[in-house]
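Working notes, structure below.
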Amino acid sequence: MAKHISEKALRYDLTVPFARYVVMHQHEISFPFKRYQIQPVWRADRPQKGRYREFHQCDVDVIGSNSLLNELELIQLTIDIFNKLNISVVIKINNRKILEGFAESLGLKDKFNDFITILDKIDKITIHDAKNELHKKGFSDDEILKIVESIKSMRQLESNDQKLDFVKEFCKTSEIGMKGIQEVENIFDYLKSLPAEYSGFLKTEQIEFDFSLARGLNYYTGAIFEVKARNIAMGSICGGGRYDDLTGIFGLPNVSGVGISFGADRIYDVLSELRLFPKNTDVTSQLLFVNLGAEEEKYCLALAAETRKNGINTELFPHAAKLKKQLDYANANHIPYVAIIGTNEIKSKQITVKNMNSGEQMELNINKLIELLKGMLF
RNA sequence: GUGACCAUAGUUUAAUGGUAGAACUGCGGGUUGUGGUCCCGCUAGUGAGGGUUCAAUUCCCUCUGGUCACCCCA
């Protein structure tokens, strides 16, 4: 029953619904159409590390344009994002047409999917396992030999150029394969042609041509991407590709798009495991007004309203308590400044402000306090 | 879909077929309005249901939840 429901009722990705949206609104949309979308999606699998039943995808797509400039833009955006998050990544790119070229050159077009599945595992399995699996899937001895031989030679390649040369040689008789190679080369050309002042953030060694990258999705027709974080055992945190006819299933054929999707939960896991979250993310308040009694709290209420009006995140401790308790609270919540106001301060119209990092304390009026704290914001 | 392992306080974890112990957190105290260290105290727990037993947190079964891997990755 659960399976029955999950097959029919779960949203598995954002791209297919996006294609439906585009078809439904085709007369209102001006192409090329770009959008981003962040929403939960579901998986009907049993959960395990990095795989949740519910998780969040952040999709970016451009539909209605064949230009490889779109692929480039998505790569730029991806680099930019992971640089900002301080996550060291490898962006793998491949092209579905190259995979087809492989299959064609090996005479395996009719067994494309099985072949791709093996190719995708090239790094993880031994030759022996590969043979077994191919055998199980019904490949002939001759075919197995051809595949295994090519896997062996592929494994010796290291640089992007070596790999490109290899596939060029391998696919030279396949028209579609050559087209895929050309697309990959064009993308690399674009990347290389970016002027230094704009490509300062581009570290091309982060971008790897990986012809064994397949992606499960069968709607991809051109470029495919996958991003893996370095220094951590975690599946891909980002993936995407070009789809030439996704809208076709909803009745609008031949509208090509390209998109990429970031797995928010896995990215969170990476940030968390690698301790890359900035320390100050839990800083919410800049200033705490201590509460020393009924009269004081009323007095502070007005002052807190004033600091808040000036854009300073302010708290007033919600009940009278020992000073120690309230200072502990400020420490625990990383509140950098505490305003201490008792009968003396009320009388003198001054505010005793304590810097919780240095321990320094001074008396100021409200305007000076606001000035001080505004100077701390940036 | 397959397999392995796990379930004890808010958290991390001990232990036993016979009173479930600790650490951290939280709260209170160490005399008045000055914190982060230290000392003392308090709160709080065996996932649910059934079975075996004089007695089950412990052994058995079912369920639920979780972890990891395979398959798969929409």
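The values are calculated or read from the model by the stated rules, or taken from the named source; none is laboratory data. Please read these numbers as outputs of a predicted model, since none were measured by experiment. Neighbour counts run over all protein chains shown; Cβ positions are idealised from the backbone, glycine included. These area figures cover heavy atoms from the full protein model, side chains too; ligands, DNA and RNA do not enter into them. Shrake-Rupley method; radii C 1.70, N 1.55, O 1.52, S 1.80 Å.
Values computed for the structure shown
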item: Volume in Å³ per residue [convex hull over Cα atoms, computed for chain A]; result: 222
item: Apportionment of accessible area to carbon and sulfur, segment A:2-273, percent (1.4 Å); result: 50
item: Segment A:49-66 - phi-based ³J(HN,Hα) in whole Hz, Karplus 6.51/-1.76/1.60, Gly and Pro as x; result: 3, x, 10, 10, 5, 10, 8, 10, 10, 10, 9, 10, 9, 10, 10, x, 8, 8
item: Relative intensity, log₁₀ I(q)/I(0), of segment A:71-133 from a Debye sum that treats every alpha carbon as a point, q = 0.13, 0.24 Å⁻¹; result: -0.55, -0.97
item: Backbone HN-Hα couplings from phi across segment A:125-134 [Karplus 6.51/-1.76/1.60, Hz, Gly and Pro as x]; result: 10, 7, 4, 4, 4, 4, 4, 4, 5, 4
item: Folded to 0 to 90 degrees: helix A:68-85 orientation relative to chain A principal axis, Cα; result: 40
item: Neighbour cut-off at most 14 other Cβ (10 Å), DSSP loop, GluC sites (Glu not before Pro), segment A:58-166; result: A:GLU158
item: Per residue Cα convex hull volume in Å³ - calculated over segment A:2-160; result: 197
item: Nonlocal amide H pairs with A:ALA321, under 5 Å, H built at 1.01 Å; result: A:ASN291
item: Residue-normalised accessible area of segment A:248-378, expressed per residue, 1.4 Å probe, Å²; result: 58
item: For segment A:281-376: rounded, prolate or oblate by the Cα gyration tensor [a/c cutoff 1.5]; result: rounded
item: Carbon and sulfur %, accessible surface of segment A:281-376 computed with the full protein complex present, 1.4 Å; result: 51
item: Inter-centroid distance (Cα atoms) of segment A:227-288 relative to segment A:290-338, Å; result: 39
item: Under 17 Å from the Cα of A:LYS192 - lysines, other chains or at least 8 residues apart; result: A:LYS92, A:LYS203
item: Length added when fully stretched, A:LYS49-A:MET356, from 0.36 nm per residue minus Cα-Cα; result: 106.5 nm
item: Mean Cβ neighbour count within 10 Å, used as a protection proxy, ranking A:107-115, A:89-97, A:173-181 highest first; result: A:89-97, A:173-181, A:107-115
item: Charge dipole (chain A, unit charges on Cβ, about Cα centre) - positive-most of A:ALA233, A:LEU106, A:SER30; result: A:ALA233
item: Degrees, to the nearest 10: A:160-170 long Cα axis against longest axis of chain A; result: 30
item: Euclidean distance of C-alpha centroids, segment A:78-123 and segment A:358-374, integer Å; result: 58
item: R0 of 56 Å, Cβ-Cβ distance A:GLU169-A:HIS334: FRET efficiency to nearest 0.05; result: 0.40
item: Given A:LYS111/A:LYS179; A:LYS121/A:LYS146; A:LYS124/A:LYS228; A:LYS131/A:LYS179; A:LYS97/A:LYS137, the pairs whose alpha carbons are separated by over 27 Å; result: A:LYS131/A:LYS179
item: Sites A:ALA321 and A:SER272 - FRET efficiency at Förster radius 22 Å, r taken between beta-carbons, to 0.05; result: 0.10
item: Cubic angstrom per residue, convex hull over Cα atoms of segment A:320-369; result: 80
item: Among A:SER88, A:THR117, A:MET376 the positive-end extreme of the charge dipole of chain A (Cβ point charges); result: A:MET376
